[in-house]
Amino acid sequence: MDIKNAKVLITGGSSGIGYETAKLLRSQGAQVVICGRNEATIQKAAKELDVHGIQADVASDADVEKLFAFAIETLDGLDVLVNNAGIGYFGSLVNTGTEDFTRIWEVNVRGAFLCGKAAAKHFIAQNKGNIINIASTAGSRGFANGSAYVASKFALTGLTECWRAELRKHNIRVMQVNPSEVITDFGNKLGQEQTKLESKLKPTEIAHVIAAMLTMNEVGFIPEATVWATNPLS
């Protein structure tokens, strides 16, 4: 597709991968709507990026309905959803509370489902569209202390595969990006120590991959892209 004609909705767009993707696509001429849970933060990001912003919690049915109505009206249509909103939690199995597990799933899985469903309704009606789910390498292999987060990303991978099987006949490209460790506020919020920053992935690398997937001629698509840092220990 031609990015300069794209009408794009990015969830979780106030920082990190969502922010940099909005920045890159807008620089290439796309019209963009971003959303986030904090009104002040999302409006600040929208102003910086010259895009449209709206407060919305993707885990809320009512907020997702409001979000898509706003995006479609503001952009006079929609042809790309970047399902990026997500939160993290890491803890041992015995120390992971039901509330922690449920909170991760509410955003990472239920939120993606609600947004994907809303986008699919619109895309099916117009017989074209693009959905890019931002998963993780955690969606292909588990690790210690990752029960809640890893399970949510495996579930997102399952959603991607189901949607792809259902929606291809409607000319809808369903794609997934699996970043490995990316230096964002995500790790800081979880209290993770981030070292050797220069050799690790930044949100701009993931934004580049998303843009590249979208710019492919619509006769084809890249189902999945996994992104690793070349030498993160250097």
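Here is how the numbers come out for the structure above:
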item	result
Scan of segment 187-234 for residues that are of a type in the set (Asp, Glu) and either outside any strand (DSSP E or B) or modelled with pLDDT under 80 (or both), ordered by number	193, 198, 205, 218
Tally, over segment 49-62, of residues that are in a helix (DSSP H, G or I) and surrounded by fewer than 18 Cβ atoms within 10 Å (Cβ to Cβ)	2
Residue check for residue 100: acidic (Asp, Glu), in a helix (DSSP H, G or I) and touching a Gly at 6+ places or on another chain (Cβ under 8 Å)	yes
Qualifying residue in segment 107-119 (condition: under 14 Å from residue 10 (Cβ atoms) and basic (Lys, Arg))	no
Scope segment 92-132; condition polar (S, T, N, Q), within 18 Å of residue 6 (Cα to Cα) and surrounded by fewer than 19 Cβ atoms within 10 Å (Cβ to Cβ); matching residues	126, 127
Meets criteria (of a type in the set (A, V, I, L, M, F, W, C) and in contact with a Phe, Trp or Tyr (Cβ under 7 Å, 6 or more places away or on another chain)) for residue 71	no
Residues located in segment 10-48, provided they are touching a Pro at 6+ places or on another chain (Cβ under 6 Å) and surrounded by 24 or more Cβ atoms within 10 Å (Cβ to Cβ)	17
Matching residues, segment 63-91, being in contact with a Leu (Cβ under 8 Å, 6 or more places away or on another chain), more than 24 Å from residue 2 (Cβ to Cβ) and in a helix (DSSP H, G or I)	64, 67
Qualifying residue in segment 64-75 (condition: under 21 Å from residue 182 (Cβ atoms), at pLDDT 95 or above and not aliphatic (A, V, I, L, M))	no
Residues (among the aromatic types (Phe, Trp, Tyr) and either crowded, with 18+ Cβ neighbours inside 10 Å or in a helix (DSSP H, G or I) (or both)) located in segment 136-186	149, 154, 163, 186
Residue match in segment 105-114 (condition: under 20 Å from residue 18 (Cα atoms), out of contact with any helix residue (DSSP H, G or I) (no Cβ under 6 Å at 6 or more places or on another chain) and part of a loop (DSSP other than H, G, I, E, B))	no
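The values are calculated or read from the model by the stated rules, or taken from the named source; none is laboratory data. Note that this is a predicted model, so its numbers are computed, not measured. Neighbour counts are summed over all protein chains in view; Cβ atoms, including those assigned to glycine, are modelled from backbone coordinates with ideal geometry.
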